[in-house]
Amino acid sequence: MPQGVNRFMQWWRFLHPSALVFTLKTSSQALIDKARQAPPRTVQATRFVAEHARSGDPLSVLQTLDRFAREERWLMSVGPDKGPLIAELAERVPPDARVLELGSYCGYSAVMMASTLGPQANIISVDIDATAIECARQNVEMAGLSSQVTFIQGPSSRIVSTLTGHFDLVFLDHWKDLYKDDLQTIEERGLIGSGSIVVADNVGEIFAPQKFLEYVRNCGLYDCEHRRATIEYTQVPDAVEIAVYRSAPVESKSQAAPNDTSPAA
């Protein structure tokens, strides 16, 4: 959940019994960090990677970030359980795929996608937070993947409006209330075409980007698939939406639900 906290996130849902332990743990960690005037969590994680990961080894970087998230401080990274989904998507895009990622955070998903898609793939990763961008850049460099990933700092709405070319894969993992508007800008700019895949993380009930979900499912431009998942490093229910762009709109199915398949993990 990079690029800040979703203003419309339904925080009360974190008080549900399934999420209560997670809520108490992360809240106490945040209070401790504030009392100690600790650096941002992305900085802490990046320092942990620099100390413990093997340089030039993407898997080591990912595993070290996982270790930090489980043993030190929870991270809003995509997490390891969605690795099989990334591997699946790699089979559906060309070897020289262009990827647009909105929400860099600490670079976890950029490392995962770049290493999974292969050396010909190219990723543009956007985040509003300058600190997150720098941490993501360092972690990608530690993984030996800097040649594949370009980071751009700034508001997604502004950056997307400046981009050109075609993207085979778009990964949305920033402010949830920006998903719909940014996707529509991507469409208007002609940045996606027939067969382009849009993946939206954290679309379960807790984050609830309803306007986005209603749009992609009913606008007639996408074939949608809903994958049940969990919030990273927890057992709290979540979901991922996979929307494949059509070459031309078709008559939308009012209120139709997408295919609901097996969990992303």
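Residues to consider are R189, R158, R217; find the one that is in contact (Cβ under 8 Å) with a residue 24 or more places away in the chain, of a type outside the set (S, T, N, Q) and more than 24 Å from D96 (Cβ to Cβ).
Answer to the selection: R217.
Starting from segment 127-138, take each residue that is farther than 12 Å from P40 by Cα and polar (S, T, N, Q) and list its partners that are modelled with pLDDT of 95 or more and surrounded by fewer than 19 Cβ atoms within 10 Å (Cβ to Cβ), counting only C-beta distances under 9 angstrom and pairs at least six apart or across chains.
Within 9 Å, the pairs are Q138/A50.
Check off (1) in a strand (DSSP E or B); (2) more than 15 Å from the chain's Cα centre (by Cα) for F171 and give me the number that stays unchecked.
Only one criterion is unmet by F171, namely (2).
Could you identify the single residue in S125, S109, S157, S104 that is among the polar types (S, T, N, Q), in a loop (DSSP other than H, G, I, E, B) and closer than 23 Å to A243 by Cβ?
S104
Does R92 fit the bill of being in contact with a Ser or Thr (Cβ under 6 Å, 6 or more places away or on another chain), over 27 Å from R158 (Cβ atoms) and in a loop (DSSP other than H, G, I, E, B)?
So R92 does not fit the description; no.
Taking E91 and the conditions (1) acidic (D, E); (2) surrounded by fewer than 16 Cβ atoms within 10 Å (Cβ to Cβ); (3) in contact (Cβ under 8 Å) with a residue 60 or more places away in the chain, which numbered condition does it fall short on, given that it satisfies the others?
That leaves (3) as the condition not met.
How many of the residues making up segment 37-73 are over 24 Å from P119 (Cβ atoms), without any contact (Cβ under 8 Å) to a residue 40 or more places away in the chain and in a loop (DSSP other than H, G, I, E, B)?
Looking only at that region, the number is 4.
Report whether or not V240 is at pLDDT 90 or above, among the β-branched types (V, I, T) and not in a strand (DSSP E or B).
No.
Being more than 23 Å from L75 (Cβ to Cβ), hydroxyl-bearing (S, T, Y) and in a helix (DSSP H, G or I), is that true of even one residue in segment 135-152?
Yes, because at least one residue in segment 135-152 is more than 23 Å from L75 (Cβ to Cβ), hydroxyl-bearing (S, T, Y) and in a helix (DSSP H, G or I).
Which condition from (1) at negative phi; (2) surrounded by 24 or more Cβ atoms within 10 Å (Cβ to Cβ) is the one that G107 breaks?
Only one criterion in (1) at negative phi; (2) surrounded by 24 or more Cβ atoms within 10 Å (Cβ to Cβ) is unmet by G107, namely (1).
Looking at segment 179-204, which of its residues are among the hydrophobic types (A, V, I, L, M, F, W, C), in a helix (DSSP H, G or I) and buried (at least 24 other Cβ atoms within 10 Å of the Cβ)?
Matches in segment 179-204: L183 only.
Looking at segment 74-88, which of its residues are part of a helix (DSSP H, G or I) and crowded, with 22+ Cβ neighbours inside 10 Å?
Across segment 74-88, the qualifying residue is only K82.
Taking the options R70, R36, R47, R98, name whichever one is under 23 Å from Y179 (Cβ atoms) and either over 15 Å from the mean Cα position of the chain (by Cα) or surrounded by fewer than 20 Cβ atoms within 10 Å (Cβ to Cβ) (or both). Please lay out each step first, then the result.
On the way: R70 fails: under 23 Å from Y179 (Cβ atoms); R36 fails: under 23 Å from Y179 (Cβ atoms); R47 fails: under 23 Å from Y179 (Cβ atoms).
Matching residue, one of R70, R36, R47, R98: R98.
Would a scan of segment 111-118 turn up a residue that is of a type outside the set (S, T, Y), surrounded by fewer than 17 Cβ atoms within 10 Å (Cβ to Cβ), under 26 Å from S156 (Cα atoms) and in contact with a Pro (Cβ under 9 Å, 6 or more places away or on another chain)?
The answer is yes, given that some residue of segment 111-118 is of a type outside the set (S, T, Y), surrounded by fewer than 17 Cβ atoms within 10 Å (Cβ to Cβ), under 26 Å from S156 (Cα atoms) and in contact with a Pro (Cβ under 9 Å, 6 or more places away or on another chain).
The values are calculated or read from the model by the stated rules, or taken from the named source; none is laboratory data. The structure presented is a predicted model; accordingly, all values stated were derived computationally and were not measured. Neighbour counts run over all protein chains shown; Cβ positions are idealised from the backbone, glycine included.
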